[in-house]
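S.K.: First, the structure itself, so that you have it in front of you.
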Amino acid sequence: MPHDARYTIARRIAREAGNLARDYFRNWQTLAVDAKGHQDFVSEADKEVELAVRRMLAEACPDDAILGEEGAPTAGSSGYTWVIDPIDGTTNFINGIPQWCVILACVKDGEVVIGVIHDPMADEMHHAMKGGGAFCNDQPIRCTAKTSLRDGSLGVGFSGRREIEGIKRLVSLACDAGTVFWRNGSGGLSLAYVASGRILGYAEAHMNAWDFLAGYLLVHEAGGRMQQVDVTAALAEGGRVVGGGAAVFDAIQEMADRAFD
């Protein structure tokens with residue numbers, strides 16, 4: 001099965017998963033929620049949506065491997081690996097804040113070849129296939145062409161896996177640079193907003209593969225730049241995520257290095 005067939009499948013599954021997640025969100029006050037760590041939660045919706053995505057992928061692409069946030073990895077024989085975050089922005093989700101998304105990425109030979117970030121509350125699906133450009137629904141998107149951090153907002157992410165001083169330094173440096181620091185509680189949506197030119201860029205000390213690989217492809221395909229990551233290593237370990245419009249990326253990278261190092 002070629003990339004483009006999987007690309008069609010990914011968009012269909014993301015939409016169906018988003019519909020299921022939205023049904024749970026409408027009853028967010030009754031969700032069963034567990035804490036996995038500091039500011040790291042999982043709800044019954046996360047688990048059920050991931051199970052649904054796994055079932056749909058297994059039916060459509062039975063030879064592909066699957067790596068998800070909530071379930072154990074499953075092996076495959078095709079060389080393709082699907083990477084799933086059923087609900088990115090769970091803290092928002094369980095508190096009734098409509099800033100969350102469903103994320104699917106597909107990796108082949110150490111490269112991200114498909115990325116989908118679906119926001120069912122806004123009816124926006126950001127998606128890309130390697131070499132095919134980036135889109136929001138049916139419209140092509142591009143990262144910002146702005147050249148100054150003073151002309152927009154910088155998305156910042158909080159990682160409970162890294163020491164708190166890093167994000168405090170990043171916010172301080174962003175203020176000193178004259179930009180507006182912005183956080184919505186979903187790293188996936190933030191990267192989608194970088195790809196669509198809504199924010200200048202995004203930086204987080206550590207994200208898991210299921211959180212950022214789709215956005216990593218989207219930003220590249222939208223003409224932006226990302227800090228280089230070893231995709232294969234990221235599947236196991238995650239990594240630092242820094243991205244932005246081509247003209248402001250170096251300034252964002254410098255701030256991230258100073259903050260997180």
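Any read-out appearing in this document is the output of simple, stated calculations on the displayed coordinates, not a laboratory observation. Computed from a predicted structure; not experimentally measured. Using ideal geometry, Cβ is built from the backbone for each residue, glycine included, and neighbour counts are taken over all protein chains shown.
S.K.: Could you let me know the centre-to-centre spacing of segment 240-260 and segment 4-34, using Cα atoms, in angstrom?
M.R.: The two parts, judged by their Cα centres, are 31 Å apart.
S.K.: Another question, if that's okay. Calculate the length of the line joining the C-alpha centroid of segment 182-203 to that of segment 89-145, in whole Å.
M.R.: Cα centroid to Cα centroid, the span is 11 Å.
S.K.: Further, regarding this structure: Sequence gap of 8 or more, or different chains, plus Cα separation below 30 Å: how many lysine pairs satisfy both in the chain?
M.R.: Within the chain, the lysine pair count is 8.
S.K.: Under a Cβ-only charge scheme (Lys and Arg +1, Asp and Glu -1), can you give me the dipole magnitude of segment 149-260 about the Cα centre, in debye to the nearest 20?
M.R.: Dipole about the Cα centre, nearest 20: 240 debye.
S.K.: Another one. Taking neighbour Cβ counts within 10 Å as the exposure measure, how do Ser190, Ser78 sort from fewest upward?
M.R.: Ser78, Ser190
S.K.: Provide the percentage of antiparallel DSSP beta bridges, counting only those with both residues in segment 1-104; round to the nearest 5.
M.R.: 65 percent
S.K.: While we're on this one: What percent antiparallel are the DSSP beta bridges of segment 149-260, to the nearest 5?
M.R.: Details: 7 of 13 bridges.
So the antiparallel bridges in segment 149-260 amount to around 55 percent.
S.K.: Here's another thing I want to ask about it. In the chain, what is the volume of the convex hull around the alpha carbon atoms, normalised per residue and reported in Å³?
M.R.: Working: hull volume 28.7 nm³, N = 261.
Roughly 110 Å³ of hull volume per residue.
S.K.: Test of understanding: express the Cα radius of gyration of segment 3-140 as a ratio to 2.2 N^0.38 Å, with N the residue count.
M.R.: So segment 3-140 has a normalised radius of gyration of 1.03.
S.K.: For the chain, find the longest principal axis of its Cα atoms and tell me its angle to the long axis of helix 165-177, 0 to 90°, nearest 10.
M.R.: Between helix and principal axis, roughly 50 degrees.
S.K.: Of all trypsin sites (Lys or Arg not before Pro) in segment 1-105, which ones are in loop regions per DSSP and have a Cβ with at most 10 other Cβ atoms within 10 Å? List each step's numbers first, then the result.
M.R.: Numbers: sites: Arg6, Arg11, Arg12, Arg15, Arg22, Arg26, Lys36, Lys47, Arg54, Arg55; in loops: Arg26.
When the trypsin sites (Lys or Arg not before Pro) of segment 1-105 are filtered for loop state and at most 10 Cβ neighbours within 10 Å, Arg26 remain.
S.K.: Counting other C-beta atoms within 10 Å, which of Tyr202, Tyr7, Tyr216 has the fewest, and how do the rest follow? Could you put the intermediate results ahead of the total?
M.R.: On the way: Tyr202 32, Tyr7 20, Tyr216 27.
If I rank by nearby Cβ atoms, fewest first, I get Tyr7, Tyr216, Tyr202.
S.K.: Any idea which of Thr144, His3, Leu104 is furthest toward the positive side of the dipole for the chain, if Lys and Arg beta-carbons carry +1 and Asp and Glu beta-carbons -1?
M.R.: Highest projection toward the positive end goes to Thr144.
S.K.: With +1 on each Lys and Arg Cβ and -1 on each Asp and Glu Cβ, how big is the dipole of the chain about its Cα centre, in debye rounded to the nearest 20?
M.R.: About 520 debye.
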